[in-house]
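The numbers here are math on the coordinates, done by the rules we state, and not lab data. Since the model is a prediction, treat every value here as computed from it, not as a measurement. Note that each Cβ is placed from the backbone with ideal geometry, even for glycine, and that neighbours are counted across all protein chains shown.
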Amino acid sequence: MTTPILSAKGVTKRFGGRVACRGVNFDLWPGEVLGIVGESGSGKTTLLNCLAGRLIPDEGHVAYETASAGTVDVHRLPEARRRLLARTEWGFVHQDAREGLRMGASAGANIGERLMAIGARHYGDIRRTASDWLTRVEIGLDRLDDRPAAYSGGMRQRLQIARNLVSNPRLVFMDEPTGGLDVSVQARLLDLLRGLVDSFHLSAVLVTHDLGVARLLTHRLMVMHGGDIVETGLTDQMLDDPQHAYTQMLVASILPV
Amino acid sequence: MPDTVQQNGHGEGAYNYAYLDEQTKRMIRRAILKAVAVPGYQVPFGGREMPLPYGWGTGGIQVTAAIIGRDDTLKVIDQGADDTTNAVSIRRFFARVAGVATTTRTEEATIIQTRHRVPETSLKDGQILVFQVPIPEPLRMLEPRETETRTLHALCEYGVMQVSLYESIARHGRIAKTYNYPVLVNGRYIMSPSPIPKFDNPKLDRNPALQLYGAGREKRIYAVPPYTSVKSLDFEDHPFEIERWTECCALCGSTESFLDEMIVDDTGKRRFICSDTDYCQERQDGQRR
């Protein structure tokens, strides 16, 4: 029997009197992509940050099944272990690529940083791996020594993905990876992501407000509204037959093309 | 100048021995002890206002003041030279407030306060080298947040330092950093060796002398105890290298010392001479004899 790779139990986070997310329970299975959808301010990003150990929830806990050391409680780990996990077994793709990239360093250094952090000390090898990943995310090799500041929004986002995947993570957290990109660039990025998730057998938690993105990438959906999970289910099923009033409204508000 | 200092040993009237008051010296010594116990770790201390501006050696002068005693012999160098304004002023300062003997000869000194160089002459057991440090944090240019750099040191997360070396190779084809070249001390902390040329980095490794580093503006003290390993960071396929010159010193003919390039006339004619004036003079005296 397989165990879930990530398991949340009763995760609650408050900011003063305001509840950002309340009693969230779910299991994420290996190879699964879970979408969290909902409107702005519904607590999606806060939940994601709690799951990734970037915020400490007020109640509940998050268990992660490591590659070799059994199950760990994400928030009880010493900071050193948690940061090590975050840069080896996990990835985190930010909505704003500037948060996830080192803007002052070249693309090659951005991709190589994780490798160097875990002890790679051969310049030639690091550069080869970086070139390899740049090709994989469809960026020309002539851009290897350019800084991300000279990249377009879509390229930055792809670079951020390469930087995260270079250490072969098992679990990737994504916060609106396609936000702020125009539709054609979005489509390419989605295509790329779908291919990568597939070929590396990644598990992922994806936060988005775009049901189109959710339909393309995710296997299962959780709908958040005002800090609560109001509905969960298989993506296709939910989009075709939403049960909760808020989900119905959300599905109904997709613009027909 | 009547030398009242050497007579009563108590500064100029109101000043305490070695300028700083005893409590301050005690506090600095405690910081030094901690720094020696954890090689390469930056220990905060309550830096005082000194009678010279920040950037002129306030950190080094406070460390020297805290460790100096009547039996010490002090040498002060600035860019290797004993006769520059900064070196002369600091040497005279301590002669006046601490009544110590001063020297320009490396082997006679018990304490050597230095800016930007390590003497060419090998140091011995029992000598103390005091560095003046402008920016103690080696990660500062890569990570501006102090809280974050402290975390990185605490967790030994030094990937970002390697990133800066990678960038240098990607841009220049080699590690182009020539001074303040980052080192790993005792296999644990990354340390900024103050702006000494990387030529001097190998001298820090397993040096018999105690190395103390004082940063006055940033109020940090760190240390490398005698015979501690100090490794310059590099890549396997781009190993650490020191500067080399095709010329030799125009005055003493040395091919092993760090050379300063001087332009001597309007047509761009240049000469190379040793930056370490004491080393150069010793060699010239030896040749004359």
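The table for this structure:
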{"quantity": "DSSP beta bridges in chain A [antiparallel fraction, %, rounded to 5]", "calculated": "55"}
{"quantity": "Contour excess over end-to-end distance, with Cα ends at B:E241 and B:R270 and 0.36 nm allotted per residue", "calculated": "8.0 nm"}
{"quantity": "At R0 = 56 Å, FRET efficiency that the Cβ-Cβ distance of B:V38 and A:R215 yields, to 0.05", "calculated": "0.50"}
{"quantity": "Relative contact order of chain B, defined on C-alpha pairs under 8 angstrom at six or more residues apart (%)", "calculated": "21"}
{"quantity": "Coordinate range along principal axes, alpha carbons of chain A, Å, largest first", "calculated": "55, 48, 40"}
{"quantity": "CD proxy at 222 nm, helix term only [per DSSP H run n ≥ 4: -39500 (n - 2.57); per residue of the protein assembly as shown; nearest 500]", "calculated": "-9500 deg cm²/dmol"}
{"quantity": "Normalised alpha carbon radius of gyration of chain B [divisor 2.2 N^0.38 Å]", "calculated": "1.04"}
{"quantity": "Max mean-square fluctuation residue, GNM over chain A, Cα-Cα springs under 10 Å, options A:A80, A:A149, A:A187", "calculated": "A:A80"}
{"quantity": "Taking B:M262, B:M50 and counting other C-beta atoms within 10 Å, the order from fewest to most", "calculated": "B:M262, B:M50"}
{"quantity": "Average Cα contact separation per residue, segment B:1-153, under 8 Å, 6 or more apart, as relative contact order %", "calculated": "23"}
{"quantity": "Reciprocal mean inverse distance between Cα atoms of segment B:244-289 - Kirkwood radius, Å", "calculated": "11.0"}
{"quantity": "Angle in degrees between helix A:79-88 and the longest Cα principal axis of chain A, rounded to the nearest 10", "calculated": "70"}
{"quantity": "Neighbour-count ranking [beta-carbon atoms within 10 angstrom, fewest first] of B:Y189, B:Y179, B:Y19", "calculated": "B:Y179, B:Y189, B:Y19"}
{"quantity": "Distance in nm between pseudo-label sites at A:D73 and B:A176 (7 Å out along the Cβ direction from Cα)", "calculated": "5.1"}
{"quantity": "Descending Cα extents along the principal axes, the protein assembly as shown, whole Å", "calculated": "100, 54, 44"}
{"quantity": "Sorted by Cβ density within 10 Å, fewest first, the residues B:D21, B:D71", "calculated": "B:D71, B:D21"}
{"quantity": "Rounded FRET efficiency, nearest 0.05, which uses the C-beta distance separating B:Y54 from B:A101 and R0 of 45 Å", "calculated": "0.95"}
{"quantity": "Over 21 Å [Cα-Cα, segment A:104-166], rounded percent", "calculated": "12"}
{"quantity": "Cα centroid separation - segment A:1-57 against segment A:222-236, whole Å", "calculated": "11"}
{"quantity": "Cβ-placed point charges (K, R +1; D, E -1), dipole of the protein assembly as shown about Cα centre in debye, nearest 20", "calculated": "900"}
{"quantity": "Residues with amide H under 5 Å from that of B:A18, placed H, sequence gap 5 or more", "calculated": "B:G11, B:A98"}
{"quantity": "Fluctuation leader among B:A101, B:A65, B:A31 - chain B, Gaussian network, Cα springs under 10 angstrom", "calculated": "B:A101"}
{"quantity": "Cα centroid of segment A:94-131 to Cα centroid of segment B:71-87, whole Å", "calculated": "44"}
{"quantity": "Contact order relative to length of segment A:104-166, as percent, for alpha carbon pairs under 8 angstrom and 6 or more apart", "calculated": "50"}
{"quantity": "Under 24 Å between alpha carbons - lysine pairs in the protein assembly as shown that sit 8 or more apart or on different chains", "calculated": "21"}
{"quantity": "Angle between chain A longest axis and helix A:123-136 axis [Cα atoms, degrees, rounded to 10]", "calculated": "50"}
{"quantity": "Cβ-Cβ FRET estimate between B:Y227 and B:Q287, R0 fixed at 41 Å, reported to 0.05", "calculated": "0.80"}
